[in-house]
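Scroll down for the structure; my scribbles are underneath it.
Taken together, the values in this text are just the output of simple stated rules run on the coordinates, not laboratory data. These numbers come from a predicted model, not from an experiment. Don't worry about glycine lacking a Cβ; one is built from the backbone with ideal geometry, like all the others, and counts go over all protein chains shown.
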Amino acid sequence: MASSFFDKLPEGDDGQQHPDGSAAAVLQAYFDALALFDGEGSALLPEPAVREQSERFAYHPVVAQLGGYVLDDADTSDHHVLVTRSPLAGSVLFLAHDADTRVVFDSGVAFLAAVHEARESDVDVTDLHPAQSPVAQDQGALGAFVRGLLASDELSDVVVCLVPSLDLADIDLLQRLVQDEDFFLGEAVANEIAKRPSPALLPVAQLCAAHRHPQAARAGERALQRVRQAG
């Protein structure tokens, strides 16, 4: 029963407590929780299938950079992926083919809770994704990680999926993203500003609206409008 899963979890376990901080510990913590969960009727993969499916996705830049493990298979091209590497270790990312790839749950336990709720409510887990991604607890580490990824022209897709996890306080980093040659980065920043507008983000929103690429500029105009309304 799903209730036994929640009852048997160690008191205070939020799914993010990993004594040695290693990727193996993060993964094992999820498997320990999964062992207490009744996954019947869900798309959850058992431990052997998680490992097998994840090996198939090892080529994917997002999976490779974040130490991702594929947790489910709903016969679509979309999957929930457990992140096992800092700075987002323990969180669950939605790896989407057509929609936005981003972190949607801050822990494996939160993901399993959503699976339970979706089954009880007869909806898809994706219907329970939050409108905004949970921001990373260690923003300094995430900012450093993003800057490291920007050094490689081949990893901008990974950066795009990390932008929703930023708290938007590092203005220098946001401006660096908007000014990157990859316009998808500027668009991603603009989209997040539109979701979380504040007067402090006005210079970045203006930069987005002035973007040379029309797609990013349109997103920037929406962001600028939202910031002005918020101010």
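Miscellaneous remarks
- Against the chain, whose longest principal axis comes from its Cα atoms, helix 108-121 is set at around 80 degrees.
- Listed residues 80, 211, 60, most fluctuating in the chain (Gaussian network, C-alpha, under 10 Å): 60
- Computed about the Cα centre, the dipole magnitude for segment 82-231 is approximately 520 debye when only Lys and Arg (+1) and Asp and Glu (-1) carry charge, each at its Cβ.
- Segment 113-182 has equivalent-ellipsoid semi-axes of 31, 13, 10 Å, by the square roots of 5 times the alpha carbon gyration tensor eigenvalues, sorted largest first.
- One decimal place: the segment residue 74-residue 126 gains 17.6 nm when fully extended, by the rule 0.36 nm per residue minus the C-alpha distance.
- Those GluC sites (Glu not before Pro) in segment 173-231 that DSSP places in a loop and that have at most 13 other beta carbons within 10 Å: 181
- Residue order, fewest to most beta carbons within 10 Å, for 77, 42, 22: 77, 22, 42
- Gain on full extension, evaluated as 0.36 nm per residue between residue 176 and residue 212 minus their Cα-Cα distance, stands at 11.5 nm.
- Segment 29-129: chymotrypsin sites (Phe, Trp or Tyr not before Pro) in DSSP loop, at most 12 other beta carbons within 10 Å: 59
- Sorted ascending by nearby beta carbons within 10 Å, beginning with the fewest, 107, 198, 121 become 121, 198, 107.
- Potential lengthening of the chain between residue 96 and residue 55 amounts to 13.0 nm, from the contour at 0.36 nm per residue minus the alpha-carbon distance.
- Three-way shape label, the chain, alpha-carbon gyration tensor, a/c 1.5: prolate
- Remark: the Cα gyration tensor places segment 18-89 in the oblate category, a/c being 1.5 or greater and a/b not exceeding b/c.
- In angstrom, the C-alpha Rg and Dmax of segment 139-230 are 11.9, 36.
- Calculated FRET efficiency for the pair residue 167/residue 119, C-beta based, R₀ 35 Å, to 0.05: 0.60
- Candidates 153, 106, 38: whichever shows maximal mean-square fluctuation once the chain is modelled as a Gaussian network with Cα springs under 10 Å: 153
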